[in-house]
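Before any comments, here is the structure.
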Amino acid sequence: MSEKKPSVGTYTMVFVALLILAALTTGIAYINLGELNTVVALAIAALKMCLVGLFFMHLWYSRGLIRIVVLAGFFWLALMVSFVLADVFSRSWIKLPSP
Amino acid sequence: MSESAAGSPLAGPSGHSVSAALHHQFEDIEQQRDAGNFGMWVFLATEMLFFGGVFTGYIMYRSLYYSGFAAGSHGLEVDLGAAMTFVLLASSFTMAMAVHAARAGKRVMLVGLLSSTIILGIAFLAMKFTEYFHKWHEQLVPGLNFHPAVESLRGAPEHTVELFMCFYFFMTGLHALHMIIGIGLLSVMAILAWRGKISREHYNRVEVSGLYWHFVDIIWIYLFPLLYLIGGRYK
């Protein structure tokens, strides 16, 4: 069960990629892309999260059980966010009689 | 398992460091490591929801009071935030290298890398508290000292900017608390490593501490754009 682990070279490349992405997201924030600014910032954050998770936290090399735990975490998070937003933004759809 | 001597699995000559490090409920050191990692990942999944609650609140209120959140975001120092991001990414790198050194059984290198991670973590907190100090001077601390200059509101209602600053302090504060716990954890690991308690076979404690540290890094990876960047920095 002794699984493969990344080498020093892999760690270094991931680190350099993370630094570049951090610089990139900071730079892009100063360019007006309208709505896209938020999308790009969050996409870069997600990419950085994947790099840290897959390589620094060894998810790339992990067993299925660990990956299921991570997916379960995201699943419950998605439930929480989507249900809360569904509630908040659908409230105005139904007009309640004023008291 | 059945071939090992019957009777108490606890007793018996612990000749190798492996059997000394192996707790009696596990069959072998690999299974013990797996269980340790699994436990930490389950904890991190609960942490995702713990932080997730604040993130959900942030998303909701940001959509409701966008102008206040944009004005509040403009009041934060992007240079400082970016510097903190670089420092924290570097600390994650030294942490990953520390686990690598622990696996290879390199004691001195492990202590060095753990210490570097701790120092980078402290540098991050120093910058964070510098920013808190600036916010106090700009009178942007909700509840205690909130009298922002009119131009810093950028036309947004004052209480919506205050709401943003509530999220700012709560999210970064919760993150800073995790950093402080992580620094404590890594200090214990550094002492254990220095005393030779971490071996090639038994380095799981360093490994799970690393998982925690990287998780805290990932939280900041999201906090940085959410708080500092996406309030319309351009123009």
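General observations
- Value of Rg to Rh for chain A, rounded to two decimals, is 1.16; Kirkwood radius and Rg both from alpha-carbon coordinates.
- The stretch A:13-56 and the stretch B:37-98 have Cα centres separated by 13 Å.
- Spin-label model distance (nm) - residue B:158 vs residue B:139, 7 Å beyond Cα toward Cβ: 0.9
- Inter-label distance, nm, simple model (7 Å from Cα along the C-beta direction), residue A:19/residue B:109: 2.0
- Peptide B:213-225, shielding by other chains (average Cβ, 10 Å cutoff): 5
- Scaled to the globular estimate 2.2 N^0.38 Å, the Cα spread of the stretch B:23-229, given as radius of gyration, is 1.19.
- Per-residue ellipticity at 222 nm, computed for chain B from helices alone with -39500 (n - 2.57) per DSSP H run of at least four residues, works out to -25000 deg cm²/dmol.
- Mean Cα-pair separation over length for the stretch A:8-91, i.e. relative contact order, pairs under 8 Å, 6 or more apart, %: 26
- Label-reachable residues, the stretch B:204-235, where backbone N falls under 17 Å from a point 7 Å from residue A:61's Cα toward its Cβ: B:204-212, B:214
- Ranked packing of B:30-37, B:144-151, most packed first, by mean Cβ within 10 Å: B:30-37, B:144-151
- Taking the C-alpha atoms of the protein assembly as shown, convex hull volume expressed per residue in Å³: 181
- Each residue of the stretch B:23-34 is assigned a 3J(HN,Hα), and the resulting list reads 6, 5, 7, 9, 6, 8, 5, 5, 5, 5, 4, 4 Hz, derived from the Karplus form 6.51 cos²θ - 1.76 cosθ + 1.60 (θ = phi - 60°), x at Gly and Pro.
- Along the stretch A:39-53 the Karplus relation, 6.51 cos²θ - 1.76 cosθ + 1.60 evaluated at θ = phi - 60°, assigns HN-Hα couplings of 4, 5, 4, 6, 5, 5, 4, 5, 5, 4, 4, 4, 4, 4, x Hz to successive residues, with x for each Gly and Pro.
- For trypsin sites (Lys or Arg not before Pro), the sites in the stretch A:1-98 that DSSP calls loop and that have at most 13 other Cβ atoms within 10 Å are A:4, A:63, A:95.
- Whole-angstrom gap from the stretch B:178-192 to the stretch A:68-92, using each part's C-alpha centre: 33
- Coil-residue trypsin sites (Lys or Arg not before Pro) of the stretch B:97-206, DSSP, other Cβ within 10 Å capped at 11: B:195
- Cut-off 17 Å, label 7 Å out along Cα→Cβ of residue B:147, residues of the stretch B:162-206 by amide N: B:162
- Contour excess over end-to-end distance, with Cα ends at residue B:191 and residue B:31 and 0.36 nm allotted per residue: 55.1 nm
- Order of B:186, B:80, B:44 - criterion: other Cβ atoms within 10 Å of each residue's Cβ, fewest first: B:80, B:44, B:186
- Unsatisfied cross-links (Cα-Cα over 32 Å) in the set A:48/B:135; A:48/B:106; A:5/B:197; A:4/B:197; A:4/A:48; B:106/B:135: B:106/B:135
Read-outs throughout are calculated quantities, based only on the coordinates presented, and are distinct from any laboratory measurement. Quantities reported herein were computed from a predicted structural model and do not represent experimental measurements. All Cβ positions, even for glycine, are placed from backbone atoms using ideal geometry, and neighbour counts span all protein chains on display.
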